[in-house]
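Okay, structure first, notes after.
The values are calculated or read from the model by the stated rules, or taken from the named source; none is laboratory data. Remember, it's a predicted structure, so these values are computed and weren't measured experimentally. Note that each Cβ is placed from the backbone with ideal geometry, even for glycine, and that neighbours are counted across all protein chains shown.
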Amino acid sequence: MSIPGIYQFPHAGAVVEALLDYLVAIIQQVIARQGCCRWALAGGDTPRRLYHRLSRPDTARWLDWNRIHLFWGDERCVPSSHPQSNYRMVRESLLDHVSIPAGNIFPIDGQLDSERAAAAYAEVLGGEPLDLLLLGMGEDGHTASLYATTPRLREELRLVIATKSPMPPTDRISLTLRTINAARQVVFLVVGEHKANRLAQVMEQHGRQEATLPAAMVNPESGALHWFVDLAAAARLPKTKPPDKD
């Protein structure tokens, strides 16, 4: 069982800067060690600021984009041009501004029905564990597009599944807990006082067999688990210090 590192920063901007430094260091280390980094991105609104910051020329030059393969943790069943598309958000905030080869970008096809899209993405993902996985947490404790009501929440065989969201767009595709917990580095980004109560509950449930919140079930088998949060989100947690990058 991984013991989560919980790192608290004064405000959302400070979280983004600290997480940016951490992710860049990890990606550089992975590339130096094995030549390529397989990184799965989070969707939704919270990571957008991080991607914008990473896309700036003074930051983007720190990474060898030719050696980074980008995947997605989840997607909505919408066209890639749709305002709710996770791919579109990442493209507009990051991909359009960095020199990454098109062949290194592996989005989920949201135009397929969710079952077909999940099966197709499992083939794209393959059996190699992700080197790095960025996740967010919803106010209900969901992560990626895994919800407490997801029928196959504890799926042990599939890498990717079709899911249903309580909020539109309803049909989603998500990495499974099996895939998430096989990743070598899992990092959560959580900000805002509206998530404080749920974050405390997630930490109380973490690692417990009876956990009901999907974010609490993220427990990498042999990799590292880190939470980057602002003080508002961490209002009900003990204070902690920033992580080492080694």
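Would you tally the residues in segment 178-235 being over 30 Å from C36 (Cβ atoms) and part of a helix (DSSP H, G or I)?
14
Residues are listed down the side, and each one gets a yes or a no for (1) free of Cβ contacts under 8 Å to residues at least 40 places away in the same chain; (2) touching a helix residue (DSSP H, G or I) at 6+ places or on another chain (Cβ under 6 Å); (3) within 30 Å of S80 (Cβ to Cβ):
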{"residue": "L177", "(1), (2), (3)": "no, yes, yes"}
{"residue": "N181", "(1), (2), (3)": "no, no, yes"}
{"residue": "V191", "(1), (2), (3)": "no, yes, yes"}
{"residue": "Q201", "(1), (2), (3)": "no, no, no"}
{"residue": "Q205", "(1), (2), (3)": "yes, yes, no"}
{"residue": "R208", "(1), (2), (3)": "yes, no, no"}
{"residue": "P214", "(1), (2), (3)": "no, no, yes"}
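Six or more apart or on different chains, Cβ atoms under 8 Å: show the pairs whose first residue is in segment 44-67 and farther than 14 Å from R91 by Cβ and whose second is basic (K, R).
T59/R53
Modelled with pLDDT of 95 or more and assigned to a helix (DSSP H, G or I): which single residue out of E115, E139 fits that description?
Of the residues listed, the single one that is modelled with pLDDT of 95 or more and assigned to a helix (DSSP H, G or I) is E115.
Being touching a residue at least 40 places away in the same chain (Cβ under 8 Å) and crowded, with 19+ Cβ neighbours inside 10 Å: is that true of P169 here?
no
Under the condition of being of a type in the set (D, E, K, R) and within 19 Å of the chain's Cα centre (by Cα), which residue from segment 102-132 is nearest to I68 (Cα to Cα)?
Out of the qualifying residues, it is D131.
What about D96, is it surrounded by fewer than 17 Cβ atoms within 10 Å (Cβ to Cβ) and over 27 Å from M167 (Cα atoms)?
yes
So H11 fits all but one of (1) over 28 Å from M167 (Cβ atoms); (2) surrounded by fewer than 16 Cβ atoms within 10 Å (Cβ to Cβ); what number is the exception?
That leaves (1) as the condition not met.
Can you pull out the residues in segment 161-175 that are at pLDDT below 95 and in contact with a helix residue (DSSP H, G or I) (Cβ under 7 Å, 6 or more places away or on another chain)?
none
Would you confirm, using the coordinates I've provided, whether C36 is touching a helix residue (DSSP H, G or I) at 6+ places or on another chain (Cβ under 6 Å) and surrounded by fewer than 19 Cβ atoms within 10 Å (Cβ to Cβ)?
yes
With L50, L132, L41, L54 as the choices, which residue is under 30 Å from V202 (Cα atoms) and touching a Lys or Arg at 6+ places or on another chain (Cβ under 9 Å)?
Answer to the check: L132.
List the pairs whose first member sits in segment 217-237 and is surrounded by fewer than 18 Cβ atoms within 10 Å (Cβ to Cβ), whose second member is part of a strand (DSSP E or B) and small (G, A, S), and whose Cβ atoms are under 9 Å apart, counting only residues at least 6 apart or on separate chains?
From segment 217-237, the pairs are A224/G5.
Suppose we filter S114, S85 for residues that are within 20 Å of T143 (Cβ to Cβ), without any contact (Cβ under 8 Å) to a residue 40 or more places away in the chain, out of contact with any helix residue (DSSP H, G or I) (no Cβ under 6 Å at 6 or more places or on another chain) and not aliphatic (A, V, I, L, M); which single one remains?
Only one candidate passes the filter, namely S85.
Hey, can you tell me all the residues within segment 12-28 that are more than 16 Å from V190 (Cα to Cα) and free of Cβ contacts under 8 Å to residues at least 60 places away in the same chain?
Across segment 12-28, the qualifying residues are V24, Q28.
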